[in-house]
Amino acid sequence: MRRVCIGSPSLDKQSEGENLTFRIQLPSRLLDSSTGLRAPMDLLTNAIESIQVGVEDYQVGSRPRLISAVRNVYAGILLLYKEALLRHSPEGSGEVLIKAKIATVMGSTGELKFVGHGKKTVDTQQIRERFKDLGIVTDWSALNAIASVRNDVEHYYADITKDSVRSAIASAFLIIRTFIVTELEEDPPKLVGSATWQLMLAENELYAEERRLCNEAFSVVEWTSETLRQGIPKLRCSKCGSDLMCPSDDWADLADATLACRACGTEVEAHHFVPKALDQELEWERYLAASDGADEPVGECPNCGVESYVFAEGQCALCGESAQTDCARCGQTIPASEFGSSPVCGYCDYLGSKDD
Ligand SMILES: [Zn+2]
Ligand SMILES: [Zn+2]
Ligand SMILES: [Zn+2]
C-alpha cells in the first residue's frame with residue numbers, strides 16, 4: 001500500500017558466538033537524533049506522500065497508473081484519518097487509538113490504563129467506530145464512493161481514462177480539504193503541497209462542471225417513475241466506469257431516450273439502462289427478496305416486455321403501463337416471475353395456450 005521509498009535497508013550481520021543479531025540501517029531522517037533509534041512512524045508525512053504519488057499517477061494517466069492513483073489517494077486519506085486518531089491518543093498510551101488491539105494495564109498508583117497493543121493498526125471499520133466515539137467528522141459516503149471506483153476500475157473496466165476516475169479525485173479533494181481544515185487544523189495547500197493541491201482543485205472544478213451540466217439535462221425530464229429518477233444518477237458507464245451518464249438529447253419519449261457517457265461517449269438505450277437503474281435503486285429490496293423471500297420489487301412488463309415494472313409504483317418505469325396484479329382467471333396474485341403474462345398468471349396463461 002505504501003509507495004514511499006525509504007531507500008534500501010541494508011542488513012548488518014554481527015556474529016556474537018551462536019547469536020546472530022540483525023541491524024537494519026535506516027536513512028537518518030527516519031531516526032531519532034538523540035537516541036539513534038527509529039523515530040515514531042510519521043503518519044502525516046506518509047499520508048501526504050501517498051496523496052502526492054496518487055496525483056502524479058493520475059497525471060500520467062495510463063491504465064495501471066490510474067488504478068494506482070485511486071489506490072494511493074484512498075490510502076492517503078486513511079492515513080490522514082489515522083493521524084487524527086494519533087493526535088487524540090494520550091501521551092504514554094502506546095498510540096492507543098491507532099492500534100487495532102487495545103490492552104488494559106494497571107498504572108503504578110493502581111489506576112486502569114488503556115494502551116495500544118501489538119503492531120497492527122486500525123482498519124477502516126475501526127476508524128469509523130473510533131471517529132464516532134470521538135466526534136471526529138468526515139464524509140464516509142464520499143469515501144465509500146472512492147472505494148467503489150477503486151474496486152470497479154481494478155475488476156470491471158478495460159477502458160479507463162482520467163475522465164473515468166475524475167469523480168474519485170474530486171471526492172478525495174473534498175474529503176481532504178475539509179478534514180485537514182476541521183480536524184487537523186492545518187492549511188491544505190501548505191500541507192499537501194501547492195502543485196498537488198492546484199491539480200486536485202482543477203480536477204474537482206472540471207468534474208463539478210460536468211456534473212452540473214448532467215444534472216441540468218436531467219432536470220427538464222418529466223419523470224413518471226420516482227424510482228427511476230433516483231436510480232439513474234447511480235449508473236456507471238459499462239465501458240469506462242464513469243458516473244457521468246447523461247441524457248444524449250432531449251428526452252421527449254423515454255422509450256426512445258439514450259444516455260451517453262460524458263467520459264468515453266458510450267451510448268445506452270432506454271430498454272438497457274432503465275432495468276439497470278431500477279436494480280441500482282432497489283438493491284436493498286432485491287436483496288430482501290433473494291434472502292428473505294420478500295416480494296420481488298420489479299417484474300417483466302406485460303406491455304413492453306422489459307424488466308421494468310415497479311410493483312411499489314404499480315406501473316412500468318419505461319412505458320408507463322399499469323397492469324393487473326391479480327389473475328383475471330383464477331384471482332390469485334400474479335407472482336413477479338410470471339408478471340409478463342398479466343392479466344393472467346403463468347399457470348392460467350399456460351392453460352389458455354393449451355385451449356387455443
Ligand atoms: Zn464511459
Ligand atoms: Zn413497460
Ligand atoms: Zn391464474
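The values are calculated or read from the model by the stated rules, or taken from the named source; none is laboratory data. Everything numeric in this text was worked out from a predicted model, so none of it was measured. All Cβ positions, even for glycine, are placed from backbone atoms using ideal geometry, and neighbour counts span all protein chains on display.
Remarks
- Scanning the stretch 331-356 for residues that are more than 13 Å from ligand 3 (Cβ to nearest atom) and closer than 27 Å to residue 225 by Cα yields 336, 337, 340.
- Pick from the stretch 331-356, criterion more than 16 Å from ligand 2 (Cβ to nearest atom) and among the charged types (D, E, K, R), ranking: surrounded by the most Cβ atoms within 10 Å (Cβ to Cβ): 349
- Top-ranked residue of the stretch 293-306 - restricted to ones that are under 21 Å from residue 272 (Cα atoms) and more than 27 Å from the chain's Cα centre (by Cα), ranked as farthest from ligand 2 (Cβ to nearest atom): 299
- Given (1) surrounded by fewer than 17 Cβ atoms within 10 Å (Cβ to Cβ); (2) β-branched (Val, Ile, Thr); (3) within 15 Å of ligand 1 (Cβ to nearest atom), number of the condition residue 224 does not satisfy: (3)
- In the set 104, 121, 109, only one residue is of a type in the set (Ser, Thr, Tyr), in contact with a helix residue (DSSP H, G or I) (Cβ under 9 Å, 6 or more places away or on another chain) and either over 24 Å from residue 187 (Cβ atoms) or not assigned by TED's automatic domain parsing to the domain that holds residue 240 (or both); that residue is 121.
- Annotation: of all residues in the stretch 245-257 being away from ligand 2 (no atom under 16 Å from the Cβ) and modelled with pLDDT of 90 or more, the one that is surrounded by the most Cβ atoms within 10 Å (Cβ to Cβ) is 245.
Each row is one residue, and each column tells you yes or no for (1) in contact with a helix residue (DSSP H, G or I) (Cβ under 7 Å, 6 or more places away or on another chain); (2) closer than 15 Å to residue 166 by Cα.
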position: 204; (1), (2): yes, yes
position: 209; (1), (2): no, yes
position: 215; (1), (2): no, no
position: 230; (1), (2): yes, no
position: 234; (1), (2): yes, no
position: 240; (1), (2): yes, yes
position: 248; (1), (2): no, no
position: 255; (1), (2): yes, no
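- Which listed residue is assigned to a strand (DSSP E or B), away from ligand 2 (no atom under 15 Å from the Cβ) and either within 18 Å of residue 231 (Cα to Cα) or not assigned by TED's automatic domain parsing to the domain that holds residue 231 (or both), from 312, 290, 328, 260: 260
- Residues of the stretch 258-274 that turn out to be farther than 13 Å from residue 236 by Cβ and surrounded by 21 or more Cβ atoms within 10 Å (Cβ to Cβ), as a count: 2
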